[in-house]
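Undergrad: I have a structure I would like to understand better, so I am pasting it below and will then ask my questions one at a time.
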Amino acid sequence: MKENFYYSQNSLSMFKRCPKMFEYIYIDGISGKGVNPELKKSIERGTNFHILAERYFNGMKDYFYIKDDQLLEWMAVLEEKYPEDINCRSEFEIRQNKGEIRLMAKYDLVVIEDNKIKIVDFKTNKNPYNLGVMEDNIQTKVYMYLLGENLKNIFPKMKIEDISMEYFQLNYPENKIFIEYNEKKHENNRRILGELIEEIKKQTKTFFSKNNETCAKCGFESFCQKQSKKTS
């Protein structure tokens, strides 16, 4: 792994899912087999939505060329929830190299309102999320911790307790996933993320495959089996 590697919610989530997959992608630089066409289309549509949302919050409301009805529907839901002149930062990135925790995050939206800061993450998922699951999600921990650690440099007058996070589900706008923050959660996240990164560093030469139900859908399944035969 490169010395200047920054951990992200994607890389940390992947390690928790399967350390071997983390090794293939982030250390060996190997790409798995292509995803199925339906999933690929869903990913591309989600990416296009994020591009449109960024343009919207930067005053470029130009959807005349969009032919995808789903994208237009999502943008209508977004506009109803967040007016374009809201005080915010779109596609806002934070990088931190502090001690053993080298982290980065790119936030879909950071809203500043009533002396509060709300992280907003757009989700175009087909199924609704659960509050308990999302509160314990690595993305939640990384996003809230990273903003909290750098709060005084970005928003000097704000406190940890002024931070919150919302998962805004475009297909389920009524299903509100809202998470508050405080010093206790912040210190807990510091510990969890620090321990997770330390675990990755310790396993540099001994990454293993969890061999669980996710293997059948893994892009490295056949390659991983070949590697297992070579080492057995």
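The values are calculated or read from the model by the stated rules, or taken from the named source; none is laboratory data. Treat the numbers as computed from the prediction; the structure is a model and nothing was measured. Glycine also receives a Cβ, built like all others from the backbone with ideal geometry; neighbour counts cover every protein chain displayed.
Undergrad: Within region 116-160, work out how many residues are part of a helix (DSSP H, G or I) and of a type in the set (D, E, K, R). Give the derivation first.
TA: Step one: of region 116-160, the residues part of a helix (DSSP H, G or I) are 131-135, 138-149, 151-154, 160.
Then drop every residue that is not of a type in the set (D, E, K, R), which leaves 135, 141, 149, 152.
The qualifying residues number 4.
Undergrad: Of all residues being in contact (Cβ under 8 Å) with a residue 24 or more places away in the chain and not hydroxyl-bearing (Ser, Thr, Tyr) in region 81-90, which is farthest from MET144 (Cα to Cα)? Just the residue, please. Break it down into steps so the answer makes sense when it comes.
TA: So the first thing to find is which residues in region 81-90 are in contact (Cβ under 8 Å) with a residue 24 or more places away in the chain, and the list is 81-82, 84, 86-88, 90.
From what's left, not hydroxyl-bearing (Ser, Thr, Tyr): 81, 84, 86-88.
Values: LYS81: 22, GLU84: 24, ILE86: 21, ASN87: 19, CYS88: 16 Å.
So, considering only residues that are in contact (Cβ under 8 Å) with a residue 24 or more places away in the chain and not hydroxyl-bearing (Ser, Thr, Tyr), the one farthest from MET144 (Cα to Cα) is GLU84.
Undergrad: Cβ-Cβ under 7 Å, sequence separation 6+ or interchain: first residue in region 36-65 and closer than 19 Å to VAL77 by Cα and of a type in the set (S, T, N, Q), partner at pLDDT 85 or above and surrounded by 11 or more Cβ atoms within 10 Å (Cβ to Cβ). Which pairs?
TA: Partner pairs satisfying both residue conditions: ASN48/LEU71; ASN58/SER90.
Undergrad: Which of (1) under 20 Å from ILE177 (Cα atoms); (2) without any contact (Cβ under 8 Å) to a residue 24 or more places away in the chain; (3) of a type in the set (D, E, K, R) is the odd one out, the single condition LYS116 does not satisfy?
TA: Exception for LYS116: condition (2).
Undergrad: So which residues in region 84-118 are β-branched (Val, Ile, Thr) and within 24 Å of PHE5 (Cα to Cα), if there are any at all?
TA: First, the residues of region 84-118 that are β-branched (Val, Ile, Thr): 86, 94, 101, 110-112, 117.
The answer is ILE94, ILE101.
Undergrad: I'm told GLU93 meets every condition in (1) farther than 24 Å from TYR172 by Cβ; (2) among the charged types (D, E, K, R); (3) more than 20 Å from the chain's Cα centre (by Cα) except one. Can you identify the failing condition by its number?
TA: GLU93 satisfies all of (1) farther than 24 Å from TYR172 by Cβ; (2) among the charged types (D, E, K, R); (3) more than 20 Å from the chain's Cα centre (by Cα) except (3).
Undergrad: I need a count of the residues in region 96-111 that are surrounded by 14 or more Cβ atoms within 10 Å (Cβ to Cβ), among the small types (Gly, Ala, Ser) and farther than 21 Å from GLN169 by Cβ.
TA: Residues flagged as surrounded by 14 or more Cβ atoms within 10 Å (Cβ to Cβ), among the small types (Gly, Ala, Ser) and farther than 21 Å from GLN169 by Cβ within region 96-111 amount to 0.
Undergrad: So how many residues does region 22-78 have that are under 22 Å from PHE92 (Cα atoms) and aromatic (Phe, Trp, Tyr)?
TA: Of the residues in region 22-78, 4 are under 22 Å from PHE92 (Cα atoms) and aromatic (Phe, Trp, Tyr).
Undergrad: Continuing with the same structure: From GLU93, GLU198, GLU187, which residue is of a type in the set (Asp, Glu), part of a helix (DSSP H, G or I) and without any contact (Cβ under 8 Å) to a residue 24 or more places away in the chain? Spell out the reasoning first.
TA: Numbers: GLU93 fails: part of a helix (DSSP H, G or I); GLU198 fails: without any contact (Cβ under 8 Å) to a residue 24 or more places away in the chain.
After ruling out the rest, the residue left standing is GLU187.
Undergrad: Just to verify a result, which residue in region 57-76, among those that are more than 21 Å from the chain's Cα centre (by Cα) and assigned to a helix (DSSP H, G or I), is nearest to LEU109 (Cα to Cα)?
TA: Step one: of region 57-76, the residues more than 21 Å from the chain's Cα centre (by Cα) are 58-70, 72-73, 76.
From the residues that got through so far, the ones that are assigned to a helix (DSSP H, G or I) too are 69-70, 72-73, 76.
Working: ASP69: 23, GLN70: 21, LEU72: 19, GLU73: 19, ALA76: 17 Å.
Among them, the one singled out is ALA76.
Residue by residue, here is whether (1) surrounded by fewer than 13 Cβ atoms within 10 Å (Cβ to Cβ); (2) under 15 Å from the mean Cα position of the chain (by Cα) holds:
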position	(1), (2)
GLU113	yes, no
ASN127	yes, no
GLN139	no, yes
ASN153	yes, no
MET158	no, no
PHE168	no, yes
GLU183	yes, no
ILE197	no, no
